[in-house]
Amino acid sequence: SKLANGLQLGMLSGSSRLNGLQISAVSFTKEVNGLQACLYAKSKRLKGIQCSLFNESDHADGAQVGIVNSTHENPYDYSSGKHRAKDNQQNQPDEDSTLLFQLGVLNTTSSYDKRATVQIGLINVNEDSFIPILPLINFNF
């Protein structure tokens, strides 16, 4: 479906935009505003919580809780429709960017908008941190 408001249940779920709760075995959703609870969750833009065994998002504001959590910012700015350089001085964070929190065994992230990130897990990889790979906890602000 293109738009899902409220509750979406299924074995294989997906939509252009989800506003609410999605419970599924596997989910591919372009934009999530709410909670994804799946075995595998993939989104292009997350504003909320992904709680799955394997979480993956191109852009995340919120939390990822699972065994493997991955957020790797896409250099494509969805709001302006333009590509952006990682170290561009004119690159400002999204107005609504807040904090990414990852809790898992393996956490990985890189950010084009330099938002704050906190990772708790066995292995934490954060390309924007002073020390990119750390056990137990990693962060950047």
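Only one of L7, L18, L46 is over 20 Å from S70 (Cα atoms), at pLDDT below 95, assigned to a strand (DSSP E or B) and not polar (S, T, N, Q); which? It would help to see each step written out before you state the result.
On the way: L18 fails: over 20 Å from S70 (Cα atoms); L46 fails: over 20 Å from S70 (Cα atoms).
Just one listed residue meets the conditions, L7.
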Q) When you go through (1) acidic (D, E); (2) surrounded by fewer than 14 Cβ atoms within 10 Å (Cβ to Cβ); (3) at pLDDT 90 or above one by one for E31, which number turns out not to apply? A) (2)
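Conditions (1) open to solvent by 40 Å² or more (accessible area, probe 1.4 Å); (2) touching a Cys at 6+ places or on another chain (Cβ under 6 Å); (3) not hydrophobic (A, V, I, L, M, F, W, C), marked per residue:
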residue: L7; (1), (2), (3): yes, no, no
residue: S13; (1), (2), (3): no, no, yes
residue: S16; (1), (2), (3): yes, no, yes
residue: E56; (1), (2), (3): yes, no, yes
Q: Filter the range 65-123 down to residues that are open to solvent by 30 Å² or more (accessible area, probe 1.4 Å) and of a type in the set (S, T, Y) and give me whichever is modelled with the highest pLDDT.
A: T98
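The values are calculated or read from the model by the stated rules, or taken from the named source; none is laboratory data. Just so it is clear, the structure is predicted and the values come from calculations on it, not from any experiment. All Cβ positions, even for glycine, are placed from backbone atoms using ideal geometry, and neighbour counts span all protein chains on display. Side chains included, ligands, DNA and RNA excluded: accessible areas come from the protein's heavy atoms. Shrake-Rupley method; radii C 1.70, N 1.55, O 1.52, S 1.80 Å.
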